[in-house]
1. Using a 7 Å offset from the Cα along the Cα-to-Cβ direction at both residue A:53 and residue B:59, what is the distance between the two label points in nm, to one decimal?
2. For B:89-96, what's the mean count of beta carbons from other chains sitting within 10 Å of each residue's beta carbon?
3. When Rg is the radius of gyration of the Cα atoms in chain B and Rh is its Kirkwood radius, what does Rg/Rh come to?
4. Quick check on packing: order A:43-50, B:3-10, A:78-85, A:12-19 by the mean number of other C-beta atoms within 10 Å, highest mean leading.
5. Could you give the Stokes-Einstein D for segment B:56-115 in µm² per second, using the C-alpha Kirkwood radius, 25 °C, 0.890 mPa s?
6. Please compute, for peptide B:102-110, the average count of beta-carbon atoms on other protein chains lying within 10 Å of each residue's beta-carbon.
7. If you average the C-alpha positions of segment B:24-62 and of segment A:1-64 separately, how far apart do those two centres end up, in angstrom?
8. Per the Kirkwood treatment, what hydrodynamic radius in Å, one decimal, follows for segment A:1-92 from the mean inverse distance over all distinct Cα pairs?
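Quick note: the coordinates plus some simple rules give every number you see, no bench work behind them. Just so it is clear, the model here is predicted, and its values are computed rather than measured. We place every Cβ from the backbone using ideal geometry, glycine too, and count neighbours over all the protein chains shown.
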Amino acid sequence: EDQVTQSPEALRLQEGESSSLNCSYTVSGLRGLFWYRQDPGKGPEFLFTLYSAGEEKEKERLKATLTKKESFLHITAPKPEDSATYLCALKGGNNRKLIWGLGTSLAVNP
Amino acid sequence: KAGVTQTPRYLIKTRGQQVTLSCSPISGHRSVSWYQQTPGQGLQFLFEYFSETQRNKGNFPGRFSGRQFSNSRSEMNVSTLELGDSALYLCASSQTGSHLTGELFFGEGSRLTVL
């Protein structure tokens, strides 16, 4: 069964303190791994798609990487506006639906 | 370009009642998916519609139903509400459907509280 586990559940950083969020997965035939950001009271907002191990994507202070077992979302020198819940989802070869993790709630203090 | 619009944003119902939620996708998007989001379960897939046809369905009881109209607008209905149905209901649209892409555009959700 396809599965996604995100860690940590919550993370508090000081502004400028870089860190990484983890998304571990098991899947039969990965067809895509996706990162989303969700602000309180809003729907998730798409960030990245990764398709194969070794792939990396960047956007401003965020960089997503992928291995055969996990994906990392690296946040470099975060700012308070990066505070949000970050969600990971994947699509497997045998599944027409996206499988979602529970998310990491990130708080960046000024 | 207008985003995904969901109405109503907030609603309070009592057990046993029924509720209808509406979603207008981004113009040109033919696929609409519905999700239930709760703190303990995260995002749970309800169903997906493409060109008025239900293409995929999650593991929810028959009390949850949906439909899509010819203009791609979608509605979902929950009958005989239970306390556990309290959640944020999210609608997401895409051009081709989530079976081809994981890039979905979400609305802000409808927050349902069942008393």
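1. About 2.8 nm separates the two model spin labels.
2. 1
3. Ratio value, two decimals: 0.95.
4. Order by mean packing, descending: A:43-50, A:78-85, B:3-10, A:12-19.
5. Estimated diffusion coefficient is 185 µm²/s.
6. The mean count of partner-chain Cβ atoms within 10 Å per residue comes to 6.
7. If you average the Cα positions of each part, the centres end up 21 Å apart.
8. Its Kirkwood hydrodynamic radius stands at 13.5 Å.
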